[in-house]
Each structure stands twice: as C-alpha cells, then as structure tokens.
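Right, one structure below, let's go through it.
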Amino acid sequence: MNRLFRFAAPCALALLACAALAPAPALADGDDTALTNLIALASQRLALAEPVARWKWANHQAITDKPREEALLADVQKRAAAANVDPAFARAFFQDQIDASKEVQNALFASWRASQPPQEPAPDLATSTRPQLDRLTQSLIAGLARVQPLRAAPDCPSRVAQSLANWKSLTRYDSTRSNALNRALGHVCETGGVGATG
C-alpha cells in the first residue's frame, strides 16, 4: 500500500503541475460581471429618455438634435482614447445609446399625442438631466474598457444575451423597453447583435 502511494503521489503532482502550466481556455471562468454592469448602466441611461422627452415636449423641441449628437460622439471618442478604449467601438456604442433613447422618446411622444400628455413639470434638461447623462457617459466608457477584451469572443453575443436575461430577472425591468435596450447593446460584440435576440 505504501509503495503504491509512493508511486501515485508523484504522478498526481505531475498531473497537477501540467494542469497548472497548460493555457487556460479563454472563456473558462464564465464571469460576465462586466457585461452585467454595462447592461445596468445602459438601462440607467435609457431611463433618462423619459425626463428628456418630457422637457422636449414641454419646450416644443424636436427629438433629434444632430449637432448635439455629433458633439457628444466626438467627445466620447476623445474620452475613450484616454481610457484605452477603441474610439470607433465607443462611437458605435454611444450611437446605439442615442438611437435607443430616441426610440423611447418617439414612443412617448406618440403616446402623449394619442392620449394624455404629461402633467407634472419636466426636470430641467441643462441642470438636472444632462449632468446625470454626463456622469453615465464616464461610467459607460469605463464599462467599455472592461468588456473590450470579450468583444471578439465567438460566444460574445450569447453571453450578452444571457447577461441581459439574468439582469432582467433580477430587476423590475420595463418590458416595453426591451427592443430599445437590445438596440443599446447592438455593438457590444464585434459581430453585433444580442445573441438570438439581436
């Protein structure tokens, strides 16, 4: 028995050593915390579409503001470069945030035209909502830095879809905004799309 143990122990240690030296599979950990955090931030940004829409409605402003959008995208590219995030990735991601927000705003405008416009006063865009959007921009860029290494993974779209499903199950998510949130996540992966829901 002792002789068998003396033989088996070095073999086991050798196997452990080989396992420790072998390169780990790129997707072995399955930790998608960075994706979940990015989804949560994108959802927070999307939630601000409502106060933005209320202000635009109250002040008879158009939903689309191309000069402001272009200024935001140019600023995002500069911030991304400073954070070691691919500026083209950041621009595409934030274009998706803008488009998703406008989708929600257009739906709200259509609803208000068809039924009851908002009664409560809108928060001031310059002093209340835009500072919140700016803070989220910085957090989102930091989030992009964390997910950037996952973008080229073959299973990136399915991981985004699973993270999105997990996040929705943990939050009181407004299901009417599912399409807008999918749009907001459309360029997280290099191949585009959100798993089977893209």
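At-a-glance table
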quantity	calculated
Identity of the residue in region 138-174, more than 16 Å from Val188 (Cβ to Cβ) and among the hydroxyl-bearing types (Ser, Thr, Tyr), that ends up surrounded by the most Cβ atoms within 10 Å (Cβ to Cβ)	Tyr173
Close pairs from region 81-101: first of a type in the set (Gly, Ala, Ser), partner not in a helix (DSSP H, G or I), Cβ under 7 Å, at least 6 apart	Ala92/His187
Residue pairs meeting the criteria (Cβ under 8 Å; at least 6 apart or on separate chains; first farther than 13 Å from Pro117 by Cα, in region 56-73; second among the aromatic types (Phe, Trp, Tyr) and surrounded by 11 or more Cβ atoms within 10 Å (Cβ to Cβ))	Gln61/Trp55; Ile63/Phe109; Leu72/Phe94; Leu73/Phe94
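Every read-out reported here was derived from the displayed coordinates using simple, explicitly stated rules and does not represent laboratory data. Keep in mind that this is a model prediction, so the values were computed, not measured. So basically every Cβ, Gly included, is an ideal-geometry build from the backbone, and we count neighbours across all protein chains shown.
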